Amino acid sequence: MKFTLPQLPYVFDALEPYIDAKTMEIHYSKHHQAYVDNLNKALEEHPQSHANTMTLDELIKDLSSVTESIRTAVRNNGGGHYNHSLFWQMMKKNGGGEPKGTVAEEIKKKFGSFDQFQTQFNETAKKVFGSGWAWLVLNTTGDLEIVPSHNQDSPLTQGMHPILGLDVWEHAYYLKYQNKRPDYITAWWNVVDWDFVENKLKKS
Ligand code: MN3
């Protein structure tokens, strides 16, 4: 199976001023492309591997069944491809605000209020040491939970379903925010696509 870069659902400057056009362009067309290319390369070098017959979801869900010699490459690059493909869809121009519908109800039920949820999510995102992500997931018992992940690991590998995720790798914000990750996190809430999150929750 040959993987390809999915179309970005908006133009590079759509999320300005919160996410600048240059960062979006490099993040999508260089970083994400590299994950796709390196995933394909690892699989091509092992044409006999069962991994070549698996979908991206299957690879990430079932990393342990991937041939050991390419498991790390699939974990990092397949994870990068999977996470970024989701991340682009979790944002939109004129997004943000507070969620409605099921997501809003479930967040309130689990975290007490949207503010409390946001505070806890922000803390998790700030505390990721080095490169990684902060996620809102449906955990293995079907509850909402906020979890971090390192590098390009996906909660999917742990049997959880990511509903919303924030890339806190420096490549996601350094051009505009430099060392000020908290400012990037605060700005990012303005572009969250809660409709996508709602649909993701219903399908998970
Ligand atoms: Mn990234």
Roughly how tilted is helix 114-127, in degrees to the nearest 10 and between 0 and 90, from the longest Cα axis of the chain? 50
With Cα atoms, 0 to 90° folded angle of helix 101-111 axis to the chain main axis: 80
Too long at a 24 Å Cα-Cα cut-off: which of Lys109/Lys200; Lys100/Lys180; Lys93/Lys180; Lys100/Lys200? Lys100/Lys180
With 10 angstrom as the radius, rank Asp193, Asp143 by how many other C-beta atoms surround their C-beta, starting from the fewest. Asp143, Asp193
Rounded to one decimal in Å, the inverse mean reciprocal Cα-Cα distance for the chain, i.e. its Kirkwood radius, is 17.4
State the Cα centre-to-centre distance between segment 184-204 and segment 1-56 in whole Å. 20
Which residue, His81, His27, Ser49, has the largest displacement toward the positive end of the dipole of segment 21-89 when charges sit on each Cβ (Lys, Arg +1; Asp, Glu -1)? His27
Roughly what angle does helix 79-89 make with the longest principal axis of the chain, taking Cα atoms, 0 to 90 degrees, to the nearest 10? 40
Treat the count of other C-beta atoms within 10 Å as a stand-in for reagent exposure and order Thr67, Thr72 from fewest to most. Thr72, Thr67
So, counting K/R as plus one and D/E as minus one, what does the shell of residues with Cβ under 14 Å around Tyr177 add up to? 0
Computed over the chain: relative contact order in percent, which uses C-alpha pairs under 8 Å that are six or more apart: 24
Per DSSP helix of 4 or more residues, -39500 (n - 2.57); summed, then divided by the residues of the chain. What does that give at 222 nm, rounded to the nearest 500? -12000 deg cm²/dmol
Just flag the trypsin sites (Lys or Arg not before Pro) in segment 1-83 sitting in loop per DSSP whose Cβ has no more than 14 other Cβ atoms within 10 Å. Lys2
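Only the coordinates and a few stated rules stand behind these numbers; no lab work does. Please read these numbers as outputs of a predicted model, since none were measured by experiment. Quick reminder, even Gly has a Cβ in these numbers, built from the backbone with ideal geometry, and neighbours come from all protein chains shown.
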